[in-house]
Amino acid sequence: MSVDNPVKGKIAEPADTKRRLGVPAVTFMIIAASAPLTVLAGGVTTTFAVTGVTGVPLSFLILGGILALFAVGYAAMSRYVTNAGAFYAYIAQGISRPAGVGASLVALMAYNLMQVGIYGLFGFTVSSLLSARLGISVPWWIPVLVCIAIVGWLGVNRVDLSAKVLGVLVALEFLVVIAYDLISLAVAPEGVSAASFSPESLFVPGIGAVLSFGIAAFMGFESAAIYGEESKDPKRTVARATFAAVAIIALFYAASAWAMTVGAGPSAVIETATNSGPDMIFAFLGTNGGMLLSDIAQILFVTSLFAALVSFHNAVARYFFSLGRERVIPPFFAAVRKGSGAPFAGSLAQTVIAVVVTVAFAIAGSGSELGELYPVLTMFTWLTNSGAMGLVLLMTVVSVAVIGFFRRKQHGASLWVRVVAPGLGSVLLAIVFVLILANFDVLLGQTESTAATFVLPLVVLLPGLVGIAWGLRLRRSQPGLYARIGHGSED
């Protein structure tokens, strides 16, 4: 394996100067991170069960509207800032370089938490499937380590290879979910009702927890800018892919969550979700669509998790690359692989992190009273919810950065793009962030707060403060390096 390392004293070239990705490829990478089947089987059923609120379908439309406001300024800024560090570069250029460095460490932590946390659910699902279908008992961490190796291999190869793999998997997911939706509407034990879209079904006690759960379903949609340096036309690809992803995710999840209420019956969906959990969809398909369809759906549930793992792995690798290129972290992380142009060192670093955390949870969970559910109730729940919280915080700050960026130079953008949309987006995202903090014990499945309720948010937030302090130190000690922060390979 041949690897290029950045030359001392120079800025490394972009990860892939061949620019292989178009709008469809980037959109698939985004939606793969969202993992449609995982959200429906795991996220939506859990939201119904935990909150007892039937207005989940409406919440997806509201969240989609909030994120569309965010995307207005985010996409506009992408035409002038092309950097694999995305959030880091936007905040550095829109607010300040120290704030950008702080954001970069929060982003690294958040994306790593999202990616590694999903391995917990992946391991449990594969282990359970092998036991149920083949009678083979395999510890959850074994399929995780195998998956880490495969994801790592894809990570050091051409990014369009990952895009093609994800494109196939996401397309199959959509087909299965659409089949579930159609069967649900056909079964409709209480008739087809749109009651779950009514305001009174959502604006009740528990709405905060619903929005907190729901925002996690969109995580990954903001990653289009990460692939800007590898896109065929970054000035258009990033904006189009971002808006496409927001629209597809919001409408598709709203429709599917509504179909779930219709298929189970509005009066029974809460109880069914509470009793069945993620198996609610598969049991429904087995009863009403045949066991073959149910088995296919369960296999695609696994591939859905795999697709999300690949997508988040790529995002983490590119953050490492961007920060290493600008020497905010050791320049080794800017190393790219010859031929593929993939961020080799960043991919390797993410792989090592995943292995270390998995082994740590495997050791800690040995003999746990939680039994087989240990990796789901700890590794998956703790890490992914913490990561989602970090990303919502970053999007809030990016909205402010958009206003700052266009205040310095308007670039011909309208008042709506420069101020109004990002201003509204920042306020609404800040509200969602506060709701996440207020309902964090609910997101962790706790009946009362524990040490984890407070420690996990700090794990995300403290790196930001460390990054700001590091940025201020660079301003004093290395002004030349400081001047490059957030500007990547720009001349």
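The values are calculated or read from the model by the stated rules, or taken from the named source; none is laboratory data. The structure presented is a predicted model; accordingly, all values stated were derived computationally and were not measured. Glycine gets a Cβ as well: all are built from the backbone with ideal geometry, and neighbour counts include every protein chain shown. Ligands, DNA and RNA are stripped out before the accessible areas are found, and what is left, the full protein with its side chains, is counted by its heavy atoms. Shrake-Rupley method; radii C 1.70, N 1.55, O 1.52, S 1.80 Å.
With labels modelled as points extended 7 Å from the Cα through the Cβ direction, what inter-label distance (nm, one decimal) is found for LEU130 paired with ALA149?
Taking the simple label geometry, LEU130 and ALA149 are separated by 1.2 nm.
Stick to Cα atoms and the Kirkwood definition of Rh, then tell me Rg/Rh for the chain. Don't jump to the answer; show the numbers that get you there.
Numbers: Rg = 21.7 Å, Rh = 22.6 Å.
So for the chain, dividing Rg by the Kirkwood Rh gives 0.96.
Name the chymotrypsin sites (Phe, Trp or Tyr not before Pro) in region 316-395 that are in a loop by DSSP and that have at most 14 other C-beta atoms within 10 Å, would you? Walk me through the numbers on the way to the answer.
On the way: sites: TYR319, PHE320, PHE321, PHE332, PHE333, PHE344, PHE361, PHE380, TRP382; in loops: none.
Loop-located and lightly packed - none at all.
Mind checking the per residue accessible area of region 277-324 for me, 1.4 Å probe, whole number of Å²?
For region 277-324, the per-residue accessible area is 26 Å².
Compute the signed sum of charges (Lys and Arg +1, Asp and Glu -1) over the other residues within less than 15 Å, Cβ to Cβ, of ARG418.
Values: positive: ARG79, ARG407, ARG408, LYS409; negative: none.
The answer is +4.
Send over a whole-number figure in Å² for the accessible area per residue of region 47-188, probe 1.4 Å.
Per residue, region 47-188 has an accessible area of 30 Å².
Under DSSP H, which helices of the chain have Cα atoms covering 27 Å or more of the helix axis and a Kyte-Doolittle average no less than -1.0?
Span-like helices in the chain: 56-78, 97-134, 159-187, 234-264, 291-325, 344-364, 381-408, 451-477.
Filter the trypsin sites (Lys or Arg not before Pro) in region 396-491 down to the DSSP loop ones having no more than 12 other Cβ atoms within 10 Å, then list what survives.
Of the trypsin sites (Lys or Arg not before Pro), the ones in loops of region 396-491 whose Cβ has at most 12 other Cβ atoms within 10 Å are LYS409.
At a 1.4 Å probe, what is the % contribution of carbon and sulfur to the accessible area of the chain?
Reported share for carbon and sulfur atoms: 68 percent.
Can you list the residues, at least 5 places off or on another chain, whose amide H is less than 5 Å from the amide H of ARG337, using H built in the peptide plane?
Distant-sequence amide H within range of ARG337: ASP4, ALA342, PHE344.
Evaluated at 10 °C with a viscosity of 1.306 mPa s, what Stokes-Einstein diffusion coefficient in µm²/s does region 373-485 have when Rh comes from the Kirkwood expression over alpha-carbon pairs?
96
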